[in-house]
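Before any comments, here is the structure.
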Amino acid sequence: MKIINKPVLKQSKEVDRLPTIDFMRHVSMFFVFYCHFLINWRADNWVAWINLQWTFLDFLGITSFTGLSVLGNMLSYYKRREKGDTRLFTPGSWVRALCLFGIAVIMNLVPQGFMGPIAMLAGNVLTIIAIFSLLTPLVLRLNWKLRTVLLAVLLIVYYPLLTWAWGGLVDAGITSLHILPNHISDPRVFVYYVLFDHRMQAPLLTWLPIVLLVSIVFDRFVKTQDKVPKARLSKELNRICLIGIIIVVASIIVGSTIFPPSKGYVPEELENMTNPGFIWHWPVDWLPIYLVRNALNMVVYNFGLFCITFWFFGQIQLVRGKRFPAQEKLMNFGKLSLTGFLLSHIPYVYQLQMPFWLFYLIYIPLYIFIVEAFWLWTTRLKGVGTIEWGILVASAMVTKAVEHKSKTGKLRSTGTKTAL
């Protein structure tokens, strides 16, 4: 197939893309690599410093990664509609979702294989990106009022359902760190494990609001970003920023008043934050709910920061037309973020006890090398072997097979009518 020999970067140019999406994907990848290396290449006396950064910069991780994925899905969906393609899903979208889900299952089974088949349903970033890719077109068929109602219902039922599910863990005398296969017989524990498990990367029900939030706040921007003058585009970005600021402020107020101080759903979270270190440690033995990892309040709070970040980069790139140093290379890394995400887990294979300054002396040039390596992977090797390349090839093969079958069916139908 000819498509196999086309570079991933060149393929990307053939599809309508926003440079801000790819650039922010790189920012997200920087944070993901940074955190994964920090966790595994550090001495015990600066654990609190790591968790401090993770807590306050977490919006650059999963929130940004999933939010940009939904934005990309929205852009693709609306561009197809403009070209007269009214299909809810294409063969390529099914292939992409199945590939991502398949990789996610493997990632789940590595640490959670002892749980048996149910581990396939555990919360994983790639799992929810796969699910979101199929949910986005469905959500976009609804008007913004219905989306808002669904979001409100989700926000209202979340904590009552979580409290009920958490009761299963309490009755079993365990925390989320100690769930075993025999505990799943309790339906409450089953629901908690599949929808809420806070030790996972991205429990489904906690992160589900991202699809609705992005589709509500960014819908007008996605539809008009290439059709309006820059002055109006700037106003649209300002509107997104204002919404982000309101969400952040509201999250802080609600999380500091209505919700009581939390010790986190995973004991290690607060323990690591308060672990004395030579740089800094958390001064109290509690966390505001909007800083508790994988709590619904944290997702909403981080989404507000995501909106502000998108406004910042959007104003620079889309409105002012400015370029960042090495922008093409950084955007290329963003386009290959799925491959980058998988490779960012390499430090988990071999953990090191590394002094504070030595870590940064090694990590910074190493990250530059990684970005350069991905650039060469695209320009010299045409992206062959990346996850994105594999999905592109598989999508093309399936699409061609479906089109061939459809064409053959039409010819047979025409032949039958002619014979009659």
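Which one of these is modelled with pLDDT under 95 and not in a helix (DSSP H, G or I): Gly84, Gly113?
Result: Gly84 is the single residue among Gly84, Gly113 that is modelled with pLDDT under 95 and not in a helix (DSSP H, G or I).
Of the residues in the stretch 149-189, how many are touching a Gly at 6+ places or on another chain (Cβ under 8 Å) and of a type outside the set (A, V, I, L, M)?
Number satisfying all stated conditions: 5.
State whether one or more residues within the stretch 234-249 are buried (at least 19 other Cβ atoms within 10 Å of the Cβ), under 23 Å from Val157 (Cβ atoms) and among the hydrophobic types (A, V, I, L, M, F, W, C).
Checked the stretch 234-249: at least one residue is buried (at least 19 other Cβ atoms within 10 Å of the Cβ), under 23 Å from Val157 (Cβ atoms) and among the hydrophobic types (A, V, I, L, M, F, W, C).
Please work out which residue is nearest to Tyr34 (Cα to Cα), limiting yourself to the stretch 79-107 and to residues that are surrounded by fewer than 17 Cβ atoms within 10 Å (Cβ to Cβ) and either in contact with a helix residue (DSSP H, G or I) (Cβ under 6 Å, 6 or more places away or on another chain) or of a type in the set (Gly, Ala, Ser) (or both).
Checking each candidate, the answer is Gly102.
Give me the helices (runs of 4 or more DSSP H) completely within the stretch 275-348, filtered to those with at least 2 residues that are closer than 30 Å to Pro261 by Cβ, ordered by residue number.
Helices (runs of 4 or more DSSP H) meeting the threshold: 296-314.
Leu68 - would you say it is without any contact (Cβ under 8 Å) to a residue 12 or more places away in the chain and in a helix (DSSP H, G or I)?
no
Can you confirm whether Thr339 is without any contact (Cβ under 8 Å) to a residue 60 or more places away in the chain, under 27 Å from Ala104 (Cβ atoms) and under 17 Å from the mean Cα position of the chain (by Cα)?
So Thr339 fits the description; yes.
Considering each residue of the stretch 127-161, count those that are under 18 Å from Phe65 (Cβ atoms) and assigned to a loop (DSSP other than H, G, I, E, B), and give that number.
Qualifying residue count, the stretch 127-161: 0.
What number goes with the only condition from (1) surrounded by 17 or more Cβ atoms within 10 Å (Cβ to Cβ); (2) modelled with pLDDT of 85 or more; (3) polar (S, T, N, Q) that Ser256 does not pass?
Going through (1) surrounded by 17 or more Cβ atoms within 10 Å (Cβ to Cβ); (2) modelled with pLDDT of 85 or more; (3) polar (S, T, N, Q) one by one, Ser256 breaks only (1).
Going by what's in this entry, would Val139 be described as closer than 21 Å to Asn73 by Cβ and either within 23 Å of the chain's Cα centre (by Cα) or not small (Gly, Ala, Ser) (or both)?
Considered against the rule, which asks whether it is closer than 21 Å to Asn73 by Cβ and either within 23 Å of the chain's Cα centre (by Cα) or not small (Gly, Ala, Ser) (or both), Val139 comes out as yes.
Please find, within the stretch 286-295, the residue that is farthest from Leu155 (Cα to Cα) out of those that are crowded, with 22+ Cβ neighbours inside 10 Å and out of contact with any strand residue (DSSP E or B) (no Cβ under 6 Å at 6 or more places or on another chain).
The residue in question is Leu291.
Condition test on Leu177, is it surrounded by 20 or more Cβ atoms within 10 Å (Cβ to Cβ) and of a type in the set (A, V, I, L, M, F, W, C)?
no
The values are calculated or read from the model by the stated rules, or taken from the named source; none is laboratory data. None of the values given here were measured: they were computed from a predicted structure. Please note: Cβ atoms are built from the backbone with ideal geometry, for glycine as well, and neighbour counts cover all protein chains shown.
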